[in-house]
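Undergrad: This is the structure I want to talk about, given as structure tokens.
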Amino acid sequence: MVYAIEEINANDVLLPNITLGFQLFDNCAHMSRALWETFIALTGEDNAIPNYQCNEKVPLAIIGDPISLLSIAMAALLGVYRYPQVSYAASVNALSNRLLYPSFLRTVPGDDKQSKALAKLVSFMGWKWVGLLSLNNDYGILGSQILKEELQKLGVCIAYHEIFGQGTSLAKLQVIANIIIQSSAKVVILFSRDPHIYQMLELLLVKKDVERIWLASNGWSNSPVLSITRYSHLLVGTIGFILHDIEMLGFKEFLLGLRPAALLPQDIFIEKFWELVLGCRWPSGDSSGDNTTLWCTGEEKLKSYMNSKSDYNDYDFRMPYLIYSAVYSVAHAIHNLIFSCALDQESITSHKCGEVTKIKPWQVFYHLKRVNFKNRIGEEMFFDANGNPPTDYDLLNWHRVSDGGIKFVTIGRYNLLQDEKNELSINITAIQWITGGKEVPNSVCSESCPPGLRKASREGQPMCCYDCVSCSEGEISNQTDSSNCLLCSSETWPNTIKTMCLPKDIEFLSFWEPLGITLTSTVIFCSFTTFRGTLSVLCIFIKYKDTAIVKANNSDLTYCLLVSLFLSFLCSLLFIGEPKRLTCLLRQAAFGIIFVICVSCIFAKTLMVVIAFRATKPGSNMRKWLGPKVPAVVILICTFIQVLICVSWFLCCPPFPEKNVKIKTGVIISQCHECSDVLLWSMLGYMAFLACVSFIVAFLARNLPDSFNEAKWITFSMLIFLSVWISFVPAYLSTQGKFMVAVEVFGIMSSSGGILSCFFFPKCYIILLRPDRNTRESLLVKGTSQKT
């Protein structure tokens, strides 16, 4: 402080023609004494009189106190009078409250800043599971509370939080030591000051707990007492924040230029300083000593002695710089007050510009909270809205050196004046870890969940303790430690490890897959066989048109039936391949109409058998129905009804292709949507009804004479037809996707093949292999014998 005041007084620009002085008050670190001395400063006399100012020459500002508890008491009192107070060491966060302490400012960052810095450090290193120890006073309790809040915001969990300090019993310390050892948290944040840590460290040394990463608050991050060999193997790798180290130019030379009282009689501390530095004693009248006593003469060479002390070159100037900044802030406030003539309502004074004898402390405070300057060192100084200075910390790492001691190495910086993304900068490669490795040690309650898995919280445990579970069906997680899985779109599906959504496979009965190839080959073979059979039967019937069995058959109906069977095989191809609008529109209608023609031909044949038998009876008038018109009318009427149903279907709600994502998991079913189930089943129901009528009529006519009787073969063919389609309905309804289509194709081929085999093979067998039975006499004889 003396150095700063002398430097200011020597500056003709900052406070020209003004000499700053100072007055010292010693509160002896006692609350009542601190308040008493504060009243003395306010009164202006040696005797404190509350609410009275007995002397106009009162100090314009108070620098101090270094102790937070005493600063709180002083700030509460000084705030009533808006008397400026600038502390250089009181860091408790409560002093930032402008309502309770309106005139308090400080040059040291509040504890909330180092709490936020520690939280940033934990997050930067990727640690999610940490232990917390804090001192049982305002510094530890309030600082750790802010730290916990910041850690929670960053998703870091506290494994345990233990409070200790003055008055903590040894048994309690042993319990805390056991908690530290048994915890899986490898990182321990210690929010304390070094005098209170020794007992805890001694217990950990006895229990031989190692490989804990200690994070230090500003209170002990560069403690010389803890950096000895005894604790080095326990505390090596410790990382802590300390105020940014700034070299005060000229301060060492100022210290070296100090002289005893003969040269500086007004300095009441110089003699004590001389004794402490040189280890000598000043002689006095009642002094006694022996031959080993070193007496101070005042002629000692302080500079040569200082240079011989290795620890002097490493002297920490952080605290002196804070005092230096506090004095300069007051000086700049006075400068702004004197040289600012642009007075507003809040700063109206009773003196003219340049009158310095009537400056009031509250006027200094008005300008003090608004100062913004760069000092001679080049560092920017200002106070924010809460009276706090710029936040600037160095990050120290405790390195173990060859002699077993600890060396503090700067590995990073935390500067809130930087961009928010770069406010914390760390040289990871420069860190010496207690594990001895180069990689950042891990400290988590649960290992990270890789992509494809999500975190599932464990009941009753912190959020950092979780299990990794697979994403649900249709969901993915493409990041590490995902809390939730993402649902794939309707047209995509997760890959096997559930890390990305892939387009779903489109399923339909393809021509080129094994099932499609089999069905297509069968359809083509049956169609070709039917086509050849049609031509063969046509040729056979033409060649043997005069034979009895050909004459007994209605050749027109036979040809119509063969053609419809041929087309029924071919219509199966409409069901194979990717559904298109045209195929969806035609396939059910083509199948329904062609099969109705087929069944109506069989029904007409059966009907003609019954009519022919009735016409042979004497006096029967049925002969007029034996012409070719009746079968044609029957076929046309039956077919017209089916066509009418299909046209109504097309007009009301025509079938269309669709992509169905709900039927089968992970697959898009490309299918034809029939649009109207009522009309679909009406078409199938009508076809089934016609088949049942044909079956019943054929069954009733099965015992008619063989010379005219085709009824038993019609019965068999209709029995097969109905059996196929009766079994088709449950099979069709119980399958999905391409297998549903395959069932329908199989039903078409089976029923068509059954009709073809039961109806035409017996006739061709007689014509080609048993010509002796293909005569009128043979048929008449057999028919007569049956009738008899």
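The values are calculated or read from the model by the stated rules, or taken from the named source; none is laboratory data. Predicted, not measured: the structure shown is a model, and the values here were computed from it. Quick reminder, even Gly has a Cβ in these numbers, built from the backbone with ideal geometry, and neighbours come from all protein chains shown. What goes into the accessible areas is simple: the full protein's heavy atoms, side chains included, and nothing from ligands, DNA or RNA. Shrake-Rupley method; radii C 1.70, N 1.55, O 1.52, S 1.80 Å.
Undergrad: Residue by residue through the range 677-683, which ³J(HN,Hα) values in whole Hz follow from phi under the Karplus form 6.51 cos²θ - 1.76 cosθ + 1.60 (θ = phi - 60°), with glycine and proline marked x?
TA: In residue order, the calculated couplings are 5, 5, 6, 4, 6, 5, 5 Hz.
Undergrad: If R₀ is 41 angstrom, what is the calculated FRET efficiency for the pair Ala385 and Val210, using the beta carbon separation as r and rounding to 0.05?
TA: For Ala385 and Val210, the calculated efficiency is 0.35.
Undergrad: Past 19 Å, Cα to Cα: identify those pairs from Lys252/Lys369; Lys116/Lys172; Lys172/Lys207; Lys57/Lys358, in the order given. Before the final figure, lay out each step's value.
TA: Details: Lys252/Lys369 30 Å; Lys116/Lys172 29 Å; Lys172/Lys207 15 Å; Lys57/Lys358 9 Å.
Correct reply: Lys252/Lys369; Lys116/Lys172.
Undergrad: Moving on to the next point. Apply the Karplus parameterisation 6.51 cos²θ - 1.76 cosθ + 1.60, with θ equal to phi minus 60°, to every residue of the range 15-29 and state each ³J(HN,Hα) to the nearest whole Hz, in sequence, with x for glycine and proline.
TA: Whole-Hz 3J(HN,Hα) from phi for the range 15-29: 10, x, 6, 10, 10, 7, x, 8, 10, 9, 10, 10, 8, 6, 6.
Undergrad: Sort 398-406, 8-16 by the packing proxy (mean of other Cβ within 10 Å over each peptide's residues), most packed first. Intermediate results must be reported in sequence, preceding the final value.
TA: Working: 398-406: 15.4, 8-16: 12.8.
In descending order of packing, they fall as 398-406, 8-16.
Undergrad: Now for a separate question. In whole percent, how big is the carbon plus sulfur part of the accessible area of the range 1-156, probe 1.4 Å, protein atoms only? Provide the component values of the computation, followed by the final result.
TA: Details: 3760 of 6920 Å².
Result for the range 1-156: 54 percent of the exposed heavy-atom area is carbon or sulfur.
Undergrad: Please work out the Cα convex hull volume for the range 102-227 and give it in Å³ per residue. Walk me through the intermediate numbers first.
TA: Working: hull volume 14.9 nm³, N = 126.
Spread over its residues, the Cα hull of the range 102-227 gives 118 Å³ apiece.
Undergrad: Residue by residue, what Karplus-based ³J(HN,Hα) values in Hz, rounded to whole numbers, does the range 488-493 have, using 6.51, -1.76 and 1.60 with θ = phi - 60° and x for Gly and Pro?
TA: My calculation for the range 488-493 gives 5, 5, 5, 9, 10, 8 Hz in order.
Undergrad: How much accessible surface area, in Å² rounded to 10, belongs to the heavy atoms of Thr410 with a 1.4 Å probe?
TA: Rounded to the nearest 10, that gives 80 Å².
Undergrad: Quick check on packing: order 476-482, 61-67 by the mean number of other C-beta atoms within 10 Å, highest mean leading. It would help to have the intermediate numbers written out before the result.
TA: Numbers: 476-482: 17.9, 61-67: 21.6.
Result, highest mean first: 61-67, 476-482.
Undergrad: Something else now. Counting alpha carbon pairs within less than 8 Å and at least 6 residues apart, what relative contact order, in whole percent, applies to the range 123-199? Could you put the intermediate results ahead of the total?
TA: Numbers: 94 pairs, mean separation 37.0, N = 77.
Once divided by the residue count of the range 123-199, the mean separation gives 48 percent.
Undergrad: Moving on to the next point. For Phe317 and Leu154, FRET efficiency with R0 = 51 Å and r from the beta-carbon atoms, rounded to 0.05?
TA: My answer for the efficiency is 0.95.
Undergrad: Sticking with this one: How much accessible surface does His196 have with a 1.4 Å probe, in Å² rounded to 10?
TA: His196 has an accessible surface of roughly 70 Å² with all protein chains in place.
Undergrad: Right, another one. Among Asp394, Asp316, what's the order by accessible area (1.4 angstrom probe), most exposed first?
TA: Working: Asp394 10, Asp316 55 Å².
These residues rank, largest area first, as Asp316, Asp394.
Undergrad: If each of Phe339 and Tyr52 carries a label point 7 Å out from its Cα toward its Cβ, how far apart are those two points in nm?
TA: 4.0
Undergrad: Same structure, new question: Amide H of Ser87 versus every other amide H placed in the peptide plane: which residues, excluding those fewer than 5 positions away on the same chain, fall under 5 Å?
TA: Gly64, Leu105, Arg106, Thr107
Undergrad: Something else about it: Out of all Cα-Cα pairs in the range 1-133, roughly what percent, to the nearest whole number, are more than 23 Å apart? The partial results should precede the final answer.
TA: Values: 4100 of 8778 pairs.
When every Cα pair of the range 1-133 is considered, 47 percent fall beyond 23 Å.
Undergrad: Quote the FRET efficiency, to the nearest 0.05, computed for Arg259 versus Ile377 with a Förster distance R0 of 25 Å and r equal to the Cβ-Cβ distance. Could the numbers behind the result be given before it?
TA: On the way: r = 26 Å, r/R0 = 1.03.
Calculated transfer efficiency: 0.45.
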